[in-house]
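K.L.:
Have a look at this one before I ask anything.
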Amino acid sequence: MPTPVCRRFRPWIKVLLAVVPPLLLGGCGESSANQATREPCLGRVLDKIAHPMVPLAQPRPGESYRDPAFGTIVTRITAANPAEGENAVIKPMYSTMPAWNADESLLLLWHRVRGHELYQGDEPYHFLRGLALRSPSDIEQVLWDPTDPNVLYYPSNYNAVPLLIEHRVQPVDGWRVIHDFRSPPTNCPVDWARVLRLGSDPQWMSWGPRKILGLQCGDTKFLYSISEDAVLAVGRAPSSNAPVVAPSETLAVLDGYVFNMSLLPLRRLVMANPYEHASAGRSLQGYDTWNAVAFDGEDIGSLVSHRLDTGERRVVIGPANGYPYPPSSTHLSAVAQKAPGWVALGIVGNHTGQTLLDNEIVLANVDTGQVCRVAHARTFAGSTAEGRWGYWSETHPALSPTATRIVFGSDWMNGLTVDSYVVDLRKP
């Protein structure tokens, strides 16, 4: 069979795309979205020199701007009202929880006091409605289904009864109890001291068809498959965390140890502190990863990626490869299930934005080691003088399923509100 024309000339495609609009290339061209999914750092800032943050007027809700230092398009997508005072906060739930649903048509954010709110998942990012959820165990413990774009899950603490809830957002809002964990083999009590949770530092579920969650009620830790409505394994550990199920559905992580799906320990990950901010992800090569900040130990870095199958580790962003000691208030997001290998970082540091990584949104690839700096977060929180918002305006970035966008929170340098902003890597 003859080699297709596009394949024969593939080495020249990138050259042609630089001078010829993709549509003129017919079948050989790639849509900008597809190309960004494969190479979201293409054309971005890859160096390690200072790109100082300069003053910039806060955009109006719905307005976009080009980041002066990094050249990306950033859009303010929310309109928190200063009249709400301390409740003028609309932000991503957490960096380890997807903000976008599976097909990126919807976006879930958290509004202080008002609760979880649904937005249109792409421009113009309109507010749709608030969601009447039945007492999630915490603000960040609300999870999109990895394949069904209309379904959310959350552990509920309503009256301390240990229930897992499914909430369907379309075509109409509705909820149902998936499982009551008061029965064996978990025997979770109705006890406010041991409510059903994803742990004190929660992470998302597995990415496969079994849809497995790691849960806890007190010292009882267990794995539960939503698809099978089955408790897969139960163990006990005096930890505030629950097991984190790896994307592959073959491994779990708890307090720095890797377990099999029977909750039997396999290995310990080499890290000085297993409780630093981290996000479970997947490599393009097919293995599961644990992507963490490391302030101490043998391998220091803002992003150190560990293979869960072997324990092998790699410093992707750290002093060993030319980056500074990890700035404070760094959060990681490795939830791009359609673009394995990519991890987004939201960093506050000194918050002045004058040096490498300070007050920056960064995207990195754990397979290739590529790192691109995509925006200044322009947030004051987490610095030595935290200003009016403190924790609520930490970036908590969330990477979209295709790794083409990053949503993050910002107080716009100690402003009157905390709002959500989207870096769009599909745009040149």
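The values are calculated or read from the model by the stated rules, or taken from the named source; none is laboratory data. Since we're looking at a predicted model, the values are computed, not measured. Cβ atoms come from the backbone with ideal geometry, glycine included; neighbour counts cover every protein chain shown.
K.L.:
Before we move on, is VAL245 surrounded by 18 or more Cβ atoms within 10 Å (Cβ to Cβ), within 18 Å of the chain's Cα centre (by Cα) and free of Cβ contacts under 8 Å to residues at least 40 places away in the same chain?
P.N.:
Details: surrounded by 18 or more Cβ atoms within 10 Å (Cβ to Cβ): yes; within 18 Å of the chain's Cα centre (by Cα): yes; free of Cβ contacts under 8 Å to residues at least 40 places away in the same chain: no.
No, not satisfied.
K.L.:
While we're on this one: Given the criterion under 26 Å from the mean Cα position of the chain (by Cα), of a type in the set (A, V, I, L, M) and over 19 Å from VAL142 (Cβ atoms), identify the matching residue among LEU223, LEU198. Spell out how you get there, then give the answer.
P.N.:
Working: LEU198 fails: over 19 Å from VAL142 (Cβ atoms).
Just a single option satisfies the conditions, and that option is LEU223.
K.L.:
Evaluate the following for LEU133: is it in contact with a Leu (Cβ under 9 Å, 6 or more places away or on another chain) and either basic (Lys, Arg) or not in a loop (DSSP other than H, G, I, E, B) (or both)? Walk me through how you get there before you give the answer.
P.N.:
On the way: in contact with a Leu (Cβ under 9 Å, 6 or more places away or on another chain): yes; either basic (Lys, Arg) or not in a loop (DSSP other than H, G, I, E, B) (or both): no.
Taking the combined requirement at face value, the residue does not satisfy it.
K.L.:
When you go through LEU356, LEU332, LEU345 one by one, which is the residue that is in contact with a strand residue (DSSP E or B) (Cβ under 6 Å, 6 or more places away or on another chain) and either farther than 24 Å from PRO55 by Cα or assigned to a loop (DSSP other than H, G, I, E, B) (or both)?
P.N.:
Going through LEU356, LEU332, LEU345 in turn, the sole match is LEU332.
K.L.:
Moving to a separate point now. When you scan region 143-152, do you find a residue that is under 20 Å from GLY214 (Cα atoms) and charged (D, E, K, R), even just one? Write out each step before concluding.
P.N.:
Of all residues in region 143-152, those under 20 Å from GLY214 (Cα atoms) come to 143-148, 151-152.
This time we only want the ones that are charged (D, E, K, R), so: 145, 148.
Yes, region 143-152 contains at least one residue that is under 20 Å from GLY214 (Cα atoms) and charged (D, E, K, R).
K.L.:
So which residues in region 109-132 are touching a His at 6+ places or on another chain (Cβ under 6 Å) and under 19 Å from GLU166 (Cα atoms), if there are any at all?
P.N.:
First, the residues of region 109-132 that are touching a His at 6+ places or on another chain (Cβ under 6 Å): 110, 117, 120, 131.
Once the filter is applied, which keeps residues that are touching a His at 6+ places or on another chain (Cβ under 6 Å) and under 19 Å from GLU166 (Cα atoms), region 109-132 yields TRP110, GLU117, LEU131.
K.L.:
Just checking, which of VAL304, VAL315 is of a type in the set (A, V, I, L, M, F, W, C), without any contact (Cβ under 8 Å) to a residue 24 or more places away in the chain, farther than 21 Å from ASP138 by Cβ and buried (at least 19 other Cβ atoms within 10 Å of the Cβ)?
P.N.:
Numbers: VAL304 fails: without any contact (Cβ under 8 Å) to a residue 24 or more places away in the chain.
Result of the check over VAL304, VAL315: VAL315.
K.L.:
Still on this structure: Looking only at region 359-374, filter to residues that are polar (S, T, N, Q) and in contact with a strand residue (DSSP E or B) (Cβ under 9 Å, 6 or more places away or on another chain); which one of those is surrounded by the most Cβ atoms within 10 Å (Cβ to Cβ)? First the steps, then the outcome.
P.N.:
Restricting attention to region 359-374, the residues satisfying the condition of being polar (S, T, N, Q) are 359, 365, 368, 370.
If we keep only those that are in contact with a strand residue (DSSP E or B) (Cβ under 9 Å, 6 or more places away or on another chain) too, we end up with 359, 365, 370.
Working: ASN359: 28, ASN365: 22, GLN370: 18.
If we take residues in region 359-374 being polar (S, T, N, Q) and in contact with a strand residue (DSSP E or B) (Cβ under 9 Å, 6 or more places away or on another chain), then ASN359 is surrounded by the most Cβ atoms within 10 Å (Cβ to Cβ).
K.L.:
Considering ALA160, ALA193, which residue is touching a Lys or Arg at 6+ places or on another chain (Cβ under 9 Å) and over 30 Å from ARG76 (Cβ atoms)? Show your work before the answer.
P.N.:
On the way: ALA193 fails: touching a Lys or Arg at 6+ places or on another chain (Cβ under 9 Å).
Answer to the selection: ALA160.
K.L.:
Residues being surrounded by 19 or more Cβ atoms within 10 Å (Cβ to Cβ), among the hydrophobic types (A, V, I, L, M, F, W, C) and more than 16 Å from SER227 (Cα to Cα): count how many of those fall in region 139-162.
P.N.:
Looking only at that region, the number is 1.
K.L.:
A further question on this structure: Looking at region 375-415 only, could you name the residues that are under 21 Å from SER279 (Cα atoms), surrounded by fewer than 24 Cβ atoms within 10 Å (Cβ to Cβ) and touching a Lys or Arg at 6+ places or on another chain (Cβ under 8 Å)?
P.N.:
Selection gives TRP392, PRO401, THR402.
K.L.:
Now a separate question. Can you pull out the residues in region 318-329 that are over 18 Å from GLU276 (Cα atoms), surrounded by fewer than 16 Cβ atoms within 10 Å (Cβ to Cβ) and touching a strand residue (DSSP E or B) at 6+ places or on another chain (Cβ under 8 Å)?
P.N.:
Here is the first cut: in region 318-329, the ones over 18 Å from GLU276 (Cα atoms) are 320-323.
Add one more test, that the residue is surrounded by fewer than 16 Cβ atoms within 10 Å (Cβ to Cβ), and what stays is 320-322.
Those that are over 18 Å from GLU276 (Cα atoms), surrounded by fewer than 16 Cβ atoms within 10 Å (Cβ to Cβ) and touching a strand residue (DSSP E or B) at 6+ places or on another chain (Cβ under 8 Å): ALA320, ASN321.
K.L.:
While we're here: Based on this model, can you work out whether PRO40 counts as at pLDDT below 95 and either in a loop (DSSP other than H, G, I, E, B) or in contact with a Cys (Cβ under 9 Å, 6 or more places away or on another chain) (or both)? Can you show your working first?
P.N.:
Details: at pLDDT below 95: yes; either in a loop (DSSP other than H, G, I, E, B) or in contact with a Cys (Cβ under 9 Å, 6 or more places away or on another chain) (or both): yes.
Criteria met by PRO40.
K.L.:
Please verify whether region 404-413 includes one or more residues that are more than 20 Å from ALA57 (Cβ to Cβ), among the basic types (Lys, Arg) and out of contact with any His (no Cβ under 9 Å at 6 or more places or on another chain). Show your work before the answer.
P.N.:
If we filter region 404-413 for residues that are more than 20 Å from ALA57 (Cβ to Cβ), which is where we start, we get 404-407.
Then drop every residue that is not among the basic types (Lys, Arg), which leaves 405.
Add one more test, that the residue is out of contact with any His (no Cβ under 9 Å at 6 or more places or on another chain), and what stays is 405.
The answer is yes; a qualifying residue exists.
K.L.:
VAL177 - would you say it is at negative phi, in contact (Cβ under 8 Å) with a residue 12 or more places away in the chain and surrounded by fewer than 15 Cβ atoms within 10 Å (Cβ to Cβ)?
P.N.:
Against the criterion (at negative phi, in contact (Cβ under 8 Å) with a residue 12 or more places away in the chain and surrounded by fewer than 15 Cβ atoms within 10 Å (Cβ to Cβ)), VAL177 qualifies.
K.L.:
For region 136-170, which residues satisfy the criterion of being of a type in the set (Gly, Ala, Ser) and either in contact with a His (Cβ under 7 Å, 6 or more places away or on another chain) or not in a loop (DSSP other than H, G, I, E, B) (or both)? Let's see the steps before the verdict.
P.N.:
The initial filter retains those residues of region 136-170 that are of a type in the set (Gly, Ala, Ser), namely 137, 156, 160.
Across region 136-170, the qualifying residues are SER156, ALA160.
K.L.:
Right, here's the next one. Filtering region 92-130 down to residues that are hydrophobic (A, V, I, L, M, F, W, C) and assigned to a loop (DSSP other than H, G, I, E, B), which residue is nearest to the chain's Cα centre (by Cα)? Full working, then the answer.
P.N.:
Initially, region 92-130 is screened for residues hydrophobic (A, V, I, L, M, F, W, C), giving 93, 97, 99-100, 102, 106-110, 113, 118, 127-128.
Now narrow it down to the ones that are assigned to a loop (DSSP other than H, G, I, E, B): 93, 97, 99, 102, 113.
On the way: MET93: 9, MET97: 5, ALA99: 7, ALA102: 13, VAL113: 22 Å.
That would be MET97.
K.L.:
Taking the stated definitions as given, is ALA69 at pLDDT 95 or above, touching a His at 6+ places or on another chain (Cβ under 6 Å), closer than 23 Å to THR379 by Cα and not charged (D, E, K, R)?
P.N.:
Values: at pLDDT 95 or above: yes; touching a His at 6+ places or on another chain (Cβ under 6 Å): yes; closer than 23 Å to THR379 by Cα: yes; not charged (D, E, K, R): yes.
Judged against the criteria, ALA69 is a match.
K.L.:
Now for a separate question. Only one of (1) among the polar types (S, T, N, Q); (2) closer than 25 Å to TRP175 by Cβ; (3) not in a loop (DSSP other than H, G, I, E, B) fails for THR75. Which number is that?
P.N.:
Condition (2) is where THR75 drops out.
K.L.:
Which condition number does GLU228 fail, the rest of (1) closer than 17 Å to PRO146 by Cβ; (2) at pLDDT below 95 being met?
P.N.:
(2)
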